[in-house]
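To start, the structure under review is shown below, and the notes come after it.
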Amino acid sequence: MLSLNINGHETEIRSDPATPLLWVLRCELKLTGTKFGCGVGVCGACTVHIDGAAQTCCTKPVAQLHGAKITTIEGLDSAEGHALKAAWTRLDVVQCGYCQSAQLMAASALLKRNHKPGPADIDQAMTPVVCRCGTYPRIRQAIYEASGQTRK
Ligand code: FES
Ligand code: FES
């Protein structure tokens, strides 16, 4: 049986090894914070951390993830994650909320590798995650606040 490291726990997986990680998270493990959008790797709604990098998981079979460290929004417990969640709340970033787990996962991976990101860094890191509600300006401002920057 396949075992995956998810949110710091070795977890036995019963699903077929060809099953994409998204569906193992949502259907087998009931970690429903990671969302389904397009299912073909283009909208970013299913973004998680795989070995610390923000990656989509709707097209990644779990068989390819043996030995990887996977973090979902439910396990986002880093200093960057907490700073971002606080800024998200302060600035009331969320509209419908559907994309926001993925936005936080992308933003926290960015701040982990770049403590003071500029506009181009934010664009590069956040563009892969689509927000149909257009919360981009508040997301950008929350990333600045969480990284101790005041620029708008
Ligand atoms: S649901 Fe995975 S990228 Fe759209
Ligand atoms: S908040 Fe609605 S899709 Fe982003």
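Descriptive notes on the structure:
- Sparse-neighbour loop sites [trypsin sites (Lys or Arg not before Pro); the stretch 9-91; at most 12 other C-beta within 10 Å; DSSP]: ARG14, LYS30
- Each pair of Cα atoms in the stretch 79-146 enters the Kirkwood radius, and Stokes-Einstein at 20 °C and 1.002 mPa s then converts it into a translational diffusion coefficient of 185 µm²/s.
- Packing-based exposure ordering (other Cβ within 10 Å, fewest first) of ILE13, ILE143: ILE13, ILE143
- Helical contribution to [θ] at 222 nm, DSSP H n ≥ 4, -39,500 (n - 2.57), averaged over the chain, rounded to 500: -9000 deg cm²/dmol
- Listed by chain and number, the aspartates and glutamates whose C-alpha is less than 19 Å from the C-alpha of LYS116, apart from same-chain residues fewer than 8 away, are GLU80, GLU145.
- All C-alpha to C-alpha distances of the chain, sorted into 10 Å bins beginning at zero, yield P(r) values of 12, 43, 31, 12, 1 percent in whole numbers.
Just so you know, all these numbers are worked out from the coordinates, no wet-lab data involved. Note that the structure is a prediction, hence the values are computed from the model and not measured. Ideal geometry is used to build each Cβ from the backbone, glycine not excepted, and the neighbour counts take in all protein chains shown.
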